[in-house]
Each structure stands twice: as C-alpha cells, then as structure tokens.
1. Among 142-148, 155-161, 7-13, what's the highest-first ranking by average C-beta atoms within 10 angstrom per residue?
2. Over all alpha-carbon pairs of the chain, lay out the pair-distance distribution in 10 Å bins, whole %, shortest bin first.
3. Which whole-number percentage describes the relative contact order of segment 21-149, with Cα contacts under 8 Å and a sequence gap of 6 or more?
4. According to the square roots a ≥ b ≥ c of the eigenvalues of the Cα gyration tensor, what is the shape class of segment 206-303, taking rounded for a/c under 1.5, prolate for a/b larger than b/c otherwise, and oblate for the remainder?
5. Sorting check: for 266-272, 250-256, which peptide has the highest mean count of neighbouring beta carbons within 10 Å, and how do the rest follow?
6. Can you tell me the FRET efficiency between Arg82 and Leu381 if r is taken as the Cβ-Cβ distance and R0 is 25 Å, rounded to the nearest 0.05?
7. If you build a Gaussian network model of the chain, linking Cα atoms that sit under 10 Å apart, which residue out of Thr149, Thr105, Thr330 swings the most?
8. Filter the cross-link list Lys207/Lys256; Lys51/Lys71; Lys76/Lys223; Lys49/Lys237; Lys256/Lys284 down to pairs whose alpha-carbon distance in this structure exceeds 24 Å.
Amino acid sequence: MIYPPLDHPLWFLPAFLIGACIGSFLNVVIYRLPLGLSVNDPKRSFCPKCKSEIPMRLNIPLVSWLALKGKCVSCKAPIPSRYFIVELVTAVLFAVVGWVVVQHTGGKEFSVQMLALFPLWFMTATFVAIAFIDAEHLIIPLELTISGTVAGFIAAALMPVLPDMAAWASSDPSWLGGLYQALIGWVIGFFGLWAVVLLGKLAFGRKQLSFEEPVAWHLEEPKTEEETIVFHMEEEKIEWWDIFFRPSDKLVIEAKSIRLNGNEVEAGTLILRENGIELPNGEKVELEDIESLEGTSASAVIPREAMGMGDVHLMGVIGAFFGWSGVFFTLLVSSLYAIAGAALGRIGFGKQLPFGPFLVLGALTWLFGGWKLAEWYFNALQ
C-alpha cells in the first residue's frame, strides 16, 4: 500500500481524531484532579449530578455531546459546554502541532526527529488541562508540570531545533545541544519567574481589611464536593484555596467577638490556617472539628500572592520545550494577552487572575510562528 507523504493534508484527520479522544480523557482530568479524585477509579466517566456511569456508546468525543444536546441521558442535568470545547480544542491543536512538526523536520518522509510529535502532543494535552483547571480553580497541579518538564527534555533530545527555533540561540543541532538548550530554558523559566514571585510577595504579600466599626464575618461550609470553604467579611468573599498557598500562610482577624460551633469564646487575635485555627487563648482547633465559625471584627490581614508557584513550574515546562528565547517571548506575549483580556472585560483589573491560561497561549503562539518574530527582531538588531 502506498501512503501519502507525511505533509499531505490527509494526515490532519487521524491527528484530529486522536486529539478528540485525548480531549475526552482530559475532561476527566480537569474535573477530578483538582478535587483529589483518581483519574482511573472509577474507570468509566460519570455524571457529576446523578453519578450514573456513562456507557461507551454515549461517550463518543464531540459527537455524544451534540447528540445528547448537552444533557445527561439519565437525569437530564445540563452537561457544561466545556466538555465539548475541550475535545474540540485538543483535536484542533493536535492537528496543528502535527503540521508544525512535519514542517520543521523536512516534511515528506519519516525521520527520528518526527518522534518529537509524541512529547509535543503530551505537552499540548497538559497545556489544555492546565489552562482549564487554572481558569476554574486558580491552581496548577504539580503532577502536570513535572511530567510536562520530563516530556520537554525528551522532545529536545529528539528534535534539537525545538528549544532553539530562532536559530541565533545556538549552533549545535545534536541531541546533546538540544538538551543543553532545554536545560538553560528550564533554569531561566523556573528561577526567573520564581524571583518575580518572591519580589511580588514582598510587595503585595498581604491585604489589609479595616473598618470604622466592627463588621460580621463567618466561614461558609461547602455544599458539595466540588466547592470549598469560603471566608466572608463585609463585601469580601474569598475561597479557602485562594487564601492559603503555603503552610506558613495565615489569616489574622482582630476579633471583637467569636462564636465557635455556636458557643461564645474569648475575643482577641484569631489566626486561621489551612488546616485549623488558633484561638486568642492559644487553643488550637483542627479544621475538621469546626462546624461553624463566625464573629465580628474591625480589621483582618489576608495573605495573598502576586503569582502562584504553579505558574513558576509551568514556565519551567515552557523553557524545557522552547528554550530561553521561548521563555522571554512567552512572558511578554502572555502579559499582553492578559492585559487585552482585562481591557475587553473578560477579567477584572485588580482581581485575582489565573495566569496559567495566558502562559499557555503565549507558548503556543511561539510554537505556531511567534519564533519567526523573534528571529526577525534579533536579525534586525544585528
């Protein structure tokens, strides 16, 4: 049998279909991973509302969501459009990434460098999962960034031009040269952004709430497994995972009154941590022993981050794949994307911002041609 050359448009179809199937699995990852659930147990997908398992015939990527009109066949609960969007976006990205690899490796016939397609597809799937998880939960799971970094080094060894797409970065096209550029990219991406986080912590590490008269505050317990504890104080409403990033983080309330599990306790400085509280008398209470907590206060200090460590690890992944030049390009372009998003009203200035999706967009922009802009710019300087 004679197969068409690898740069033939027919190869877009299998890449698209593979991407759609991977996107279906990513929906499981996006839903379960932030909740601490296993992505393998139960093995079959289930409806988040009625928990009924979804049979194979009703779990066909792209087709099933359209055929069911976005509703569960058992309880008729709406299935978010995100499920369809993730499958479609992943399918399209797999096809485009396949085209990029073919273009960079000469095109028509197979070469060892084309094996880089698989770690690049892994990167694409990881980027999609990170973007949607961070957009919803403001977290980037470490499992995704660690595996993504490993994939980046593998891709650099198979396709040395990848972390050196703008050819002025190095002159060694060997697999060792590719690994060297990937290592430099990872170091600059990870530690460079880490420095930004540390400086941001010094500048914006605390948020002070002050009122002329004491106002009510309370903890709102989650109603479902998908929700988390919410801290309320006047107009402030902050989810638990938005407050605590490290074990050392603490929320300090100068309480005029405190009611713990319905009982009045001594007022004073109340310290809230991720796993429990410390009462003004020094007594510590574990979070699982708290049924209700409320009171009044005129001031509180809330810890906050300029940027999370998840973004730092993500920049390490981007550096491993695209080298130091890709890191600088991604930071610049992702910042412009974030500013544009705020200007268009999709996100708010001064509000907590999931930066992961914009980093992903910036990295994909580099892969899909942004490196040519960098190459042109540096050649123009010379």
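1. Output ranking for 142-148, 155-161, 7-13: 155-161, 142-148, 7-13.
2. Whole-percent P(r) values from 0 Å outward: 5, 20, 25, 23, 16, 8, 3, 0, 0.
3. It comes to 29 percent, rounded to a whole number.
4. It is rounded, given that a/c, with a ≥ b ≥ c, falls under 1.5.
5. 250-256, 266-272
6. About 0.05, to the nearest 0.05.
7. Between Thr149, Thr105, Thr330, it is Thr105 that shows the largest mean-square fluctuation.
8. With Cα atoms farther than 24 Å apart: Lys49/Lys237.
Where a number appears in this text, it was derived from the coordinates with a stated rule and is not lab data. All values reported here derive from a predicted model rather than from experimental measurement. All Cβ positions, even for glycine, are placed from backbone atoms using ideal geometry, and neighbour counts span all protein chains on display.
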